[in-house]
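Each value in this text was obtained by applying a stated rule to the coordinates, not by laboratory testing. Everything quoted here is computed from the prediction, not taken from an experiment. Don't worry about glycine lacking a Cβ; one is built from the backbone with ideal geometry, like all the others, and counts go over all protein chains shown.
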Amino acid sequence: MSPPHLLILGGTAEAAALATALSGRLRVTVSLAGRTGSPTLPPGEIRIGGFGGADGLAAWLQANAVDLVVDATHPFAAAISAHAAEACAQLGLPRLRLQRPAWQQDPRDRWIDVEDAAAAARALALLGGRCFVTIGVQELAAFAGLLEVWLLIRLITPPKTPLDLGPHELLFGRGPFSLDAERLLLEHHRITSLVTKASGGPATEAKIVAARDAGLPVIMIRRPPPPSGPVVDSVEATVRWVADEIGER
Ligand code: NAP
């Protein structure tokens, strides 16, 4: 009898850790969107690229005889999470959302909580100064009108098309980032504020601590709500769920 087939929707450190924990115990496929040119590849089978919406995902799940799905995508990847919920509901497949815990606010933090990138740009226009922006490339267009603020924009890989932005500098790097390096970066560029998504996770938390220590305001884009259905916040809890689903425990 062939082992159960698990699809992990990935693009995160948690997805890679889960694939490492489970490969050998069942058939694991990790799906990546293919946004970054040279992704860190987890173990197991890998497929890259969109499915073509919820219906495309449902068709793929059927064609590949998937038995269960873990949605371990980034907390801000709301579209693929919604598609996973819809496709699994259509097929009656078990699905779990693995979403990393949010960062905990410290009393010394000066967070400005905003809804989205457009609201972040409006908040930044009021602050002015020199801002460290770490929200990825997709929503940077929201900052296009900011001619009075200097932006230091950190991306994983160079953008595919030139960015139509006011004064800015690009910086490339993939986490984890150390606290010392983040402190140096803020000092070196004389940064006066930070814009980030409330992504959570240890790999990119050092910038939050560095901004706290420097007394800088942090414009924090809040998370979209998770899809309906069960949600866990750790790889360990996900491994237990998988074991229950495949009747291993
Ligand atoms: P999104 O807005 O939820 O998804 C947009 C489209 O990309 C989806 O409709 C789907 O295309 C495709 N897609 C997304 N994740 C996929 C996956 N794991 N496998 C196959 N197709 C996928 O997602 P996003 O915010 O663009 O993020 C894309 C990927 O980057 C995700 O895997 C996420 O985990 C990772 N990531 C995102 C962020 C972030 O800040 N958003 C940060 C770090 C990593 P189809 O409709 O054609 O299936």
- Computed lengthening from Gln62 to Ser23, 0.36 nm per intervening residue step minus Cα-Cα distance: 11.9 nm
- Message: Between Ala141 and His189, how high is the FRET efficiency from 1/(1 + (r/R0)^6) when r is the Cβ-Cβ distance and R₀ = 25 Å? Nearest 0.05.
- Response: 0.65
- Largest-first principal axis extents, alpha carbons of the range 110-221, Å: 31, 30, 26
- Task: Take the eigenvalues of the Cα gyration tensor for the chain, scale each by 5, and report the square roots as semi-axes in whole Å, largest first.
- Result: 36, 18, 16
- Item | Difference of contour (0.36 nm per residue) and Cα-Cα distance, Ala78 to Ala203 | 42.9 nm
- Message: How long are the semi-axes of the equivalent ellipsoid of the range 42-89, defined as square roots of 5 times the Cα gyration tensor eigenvalues? Whole Å, largest first.
- Response: 16, 15, 10
- Query: Taking the Cα centre of each part, how many Å lie between the range 224-242 and the range 1-51?
  - Reply: 16
- Message: 5 Å is the cut-off here: which amide hydrogens, built 1.01 Å from N in the peptide plane, fall below it relative to Ile112, excluding neighbours closer than 5 in sequence?
- Response: Val218, Ile219, Met220
